[in-house]
Amino acid sequence: MKKTGRTENGCQARSVQVLLPLAALLRSELQSLVVASGLRVLEALLEEERTSVCGPRYQHSATRTARRGGHAKGELVLGGRRVSVRRPRARTLAGEEVVLPSWQTFSDEDPLHTRAVEQMVVGVATRKYARSLEALPDDVQARGASKSAVSRRFVARTQVQLDQWLARDLGKLDLVALMIDGVHVADHVVMVALGIDAGGRKHVLGIHEGATENAVACTELLAGLRERGVKTDRAMLVVIDGGKALRKAVRDVFGDRALVQRCQVHKKRNVVDQLPEEMRRSVGAALTEAYRSTDVARARRLLANCVRSLATAHPGAAASLREGLDETLTVMGLALPRALERTLATTNPIENLMNCVRRVGGRVKRWRDGKMIMRWMGAAIGEAQRGFRRLKGHAGMPKLVAALRAHDARLNGVDLKREAA
C-alpha cells in the first residue's frame with residue numbers, strides 16, 4: 001500500500017508539471033485566437049456597412065448611391081498599437097470616398113494617446129512599452145509601439161490635457177478652503193493649489209511653475225485662479241505651510257477675506273529642527289499638547305510658555321514659534337467638529353497629493369525644461385485625482401461654511417443676531 005501511495009503521488013506531481021506549460025501554451029493560443037476572431041468580426045462588420053451603402057454584391061439597384069471600390073491597406077488601433085488590416089472601400093457615384101462608421105471609430109488615434117499616458121504614469125518606460133502590451137498573432141503586422149512613437153504620443157496628449165485643464169472655468173465650484181504647496185523639480189518649483197468645496201470634495205485648481213517659491217510666483221498662481229472664477233470677495237480658509245512669500249501672496253489676493261491657517265506640523269518641525277537632539281522630544285511633546293487642546297486660550301498660553309522657555313538659550317527656535325503663532329490656531333477658534341479641525345489644521349490633504357506627484361515625477365531621469373515639468377505634473381495630478389476621497393471630517397463642513405459667512409458679516413459690519421431676529 002505504501003508503495004502504491006508513492007506511485008500515485010509521483011504521477012500527480014508529473015501531471016501538474018505537464019499541465020503548467022500546457023496551460024501557458026493554451027493561454028497564449030487563446031489570446032491569439034481571440035485577437036484573430038476579433039479582426040474577422042471587424043472585417044465582417046465593415047463589409048456589412050459597405051453593403052448597406054452600396055447594396056448587395058452583383059445586384060443592380062436604381063437607388064444605389066455608392067459603389068464598391070475594392071480593398072486598400074489600412075491601420076486600426078488594437079491593444080495599444082496600430083495593426084495592419086484590409087480596409088473595404090466604397091465611393092459615391094461622383095467618385096468621393098465613403099467613410100465607414102466602424103472604420104472611423106477604430107482608426108481614431110485618441111485611444112493610443114490615452115494608453116501611452118496610462119502606461120507612463122504607472123511606471124512603464126517608453127523602451128519597455130511594447131513588452132507591456134498583449135501579444136498578437138504572428139501574421140498580424142503592427143507598429144506604433146516604439147520608444148519614439150510612444151514618447152511623441154505622450155507629449156502630445158499630456159500637453160493637450162494640461163492646456164484644457166488650466167483653462168477650465170472654476171466659477172461653478174463652491175470653494176470654502178484652499179491649500180497651497182510647492183514641489184521642487186530639478187531647478188524649478190511647481191506651486192499647486194488644492195480647493196475644497198462645501199461638501200468636503202477636493203479639486204486640484206491649478207499649478208504654476210517658477211524658479212523659486214517667492215511672492216511673485218505665489219501671487220501669479222492665486223491671481224490666475226481668480227481670473228478663472230475662484231471667488232476672492234468672500235471669506236475662505238487658506239491653509240499654508242508657513243512660508244512668508246505665500247502668506248504675503250494670500251493677503252495680496254484675498255485681503256481680509258482670507259482666514260489663514262499655518263500648518264501645525266510644519267510649525268512644529270521648523271521649531272524642533274533648530275533645537276539640540278536632547279531637547280527635541282520634550283519641546284515637541286509640549287507643542288503637540290498645545291495643538292491638541294480644545295481651548296484656544298489654553299493652547300495660546302502653552303505656546304507662549306514654550307516661547308519664553310526657549311527665548312534665552314535658543315532664540316532662533318523661539319522666534320520661529322512666535323512668528324505666526326496665532327495663525328496656527330485659526331481653525332481651533334472656529335468651533336468645528338474635532339475630526340474636521342484636525343484635518344484643516346495641517347496641509348496633510350495636499351501633502352498626499354504631492355507625494356503622488358513626487359512618485360510619478362521621480363520616474364523621469366532627465367528634465368529638459370519647464371514645459372516638460374508642467375506636462376508631467378499635469379499627468380501626475382490626473383493620476384492622483386483618481387484616488388481622491390472626501391475630506392476627513394467632511395460631515396462638519398456646514399459649520400465651516402457658517403463660520404466663514406460670519407466672518408464676511410463682520411467685515412461687512414452686519415449684525416447677524418439682529419438679522420436673525
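The values are calculated or read from the model by the stated rules, or taken from the named source; none is laboratory data. Everything numeric here is computed off the predicted structure, so don't read it as measured data. Neighbour counts run over all protein chains shown; Cβ positions are idealised from the backbone, glycine included.
From the list 405, 386, 375, 410, the one residue that fits, being out of contact with any Ser or Thr (no Cβ under 6 Å at 6 or more places or on another chain) and more than 23 Å from residue 234 (Cα to Cα), is 386. Count, please, the residues in the range 183-223 that happen to be among the small types (Gly, Ala, Ser), under 22 Å from residue 352 (Cβ atoms), surrounded by 18 or more Cβ atoms within 10 Å (Cβ to Cβ) and over 15 Å from the mean Cα position of the chain (by Cα). Looking only at that region, the number is 1.
Table: residues versus (1) in the same structural domain as residue 142 (by TED's automatic domain parsing); (2) within 21 Å of residue 141 (Cβ to Cβ); (3) at pLDDT 85 or above; (4) among the charged types (D, E, K, R).
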position: 28; (1), (2), (3), (4): yes, yes, no, no
position: 32; (1), (2), (3), (4): yes, yes, no, no
position: 36; (1), (2), (3), (4): yes, yes, no, no
position: 71; (1), (2), (3), (4): yes, yes, yes, no
position: 74; (1), (2), (3), (4): yes, yes, no, no
position: 86; (1), (2), (3), (4): yes, yes, no, yes
position: 92; (1), (2), (3), (4): yes, no, yes, no
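If the condition is being free of Cβ contacts under 8 Å to residues at least 24 places away in the same chain and polar (S, T, N, Q), then the range 188-219 contributes only 212. Cβ-Cβ contacts under 8 Å between residues 6 or more apart (or on different chains), taken from a first residue in the range 302-331 that is closer than 18 Å to residue 347 by Cβ to a second residue that is among the polar types (S, T, N, Q) and surrounded by 14 or more Cβ atoms within 10 Å (Cβ to Cβ), are listed as 320/270; 320/274; 327/261; 328/261; 328/264; 330/261; 331/261.
Of 235, 249, 245, 297, all but one fail to be of a type in the set (A, V, I, L, M, F, W, C) and over 30 Å from residue 166 (Cβ atoms); the exception is 297. Residue count for the range 251-285 under the criterion of being surrounded by 14 or more Cβ atoms within 10 Å (Cβ to Cβ) and either hydrophobic (A, V, I, L, M, F, W, C) or in contact with a Cys (Cβ under 7 Å, 6 or more places away or on another chain) (or both): the result is 12.
Determine, yes or no, whether residue 358 is touching a residue at least 24 places away in the same chain (Cβ under 8 Å), over 30 Å from residue 186 (Cα atoms) and part of a helix (DSSP H, G or I).
The answer is no for residue 358.
So is residue 333 part of a helix (DSSP H, G or I) and within 19 Å of the chain's Cα centre (by Cα) or not? No; evaluated as a whole, the condition is false for this residue. Please state which of the following conditions residue 338 fails to meet, knowing it meets all the rest: (1) in contact with a Leu (Cβ under 9 Å, 6 or more places away or on another chain); (2) farther than 18 Å from residue 181 by Cα. In the conditions (1) in contact with a Leu (Cβ under 9 Å, 6 or more places away or on another chain); (2) farther than 18 Å from residue 181 by Cα, residue 338 misses (1) alone.
Scanning the range 177-191 for residues being more than 18 Å from residue 262 (Cβ to Cβ) and either in a strand (DSSP E or B) or not assigned by TED's automatic domain parsing to the domain that holds residue 367 (or both) gives a total of 6.
Restricting the first member to the range 155-177 and to residues that are farther than 30 Å from residue 407 by Cα and modelled with pLDDT of 90 or more, and the second to residues that are not β-branched (Val, Ile, Thr) and not in a helix (DSSP H, G or I), the beta-carbon pairs closer than 8 Å and six or more apart or on different chains are 166/206; 167/228.
For residue 395, the criteria (1) more than 25 Å from residue 274 (Cα to Cα); (2) without any contact (Cβ under 8 Å) to a residue 40 or more places away in the chain hold in every case but one, which is (2). Within the range 141-181, restricting attention to residues that are touching a strand residue (DSSP E or B) at 6+ places or on another chain (Cβ under 9 Å) and charged (D, E, K, R), the residue that is surrounded by the most Cβ atoms within 10 Å (Cβ to Cβ) is 181. Taking the criterion of being modelled with pLDDT under 95, out of contact with any helix residue (DSSP H, G or I) (no Cβ under 8 Å at 6 or more places or on another chain) and polar (S, T, N, Q), the only residue of the range 310-350 that qualifies is 312.
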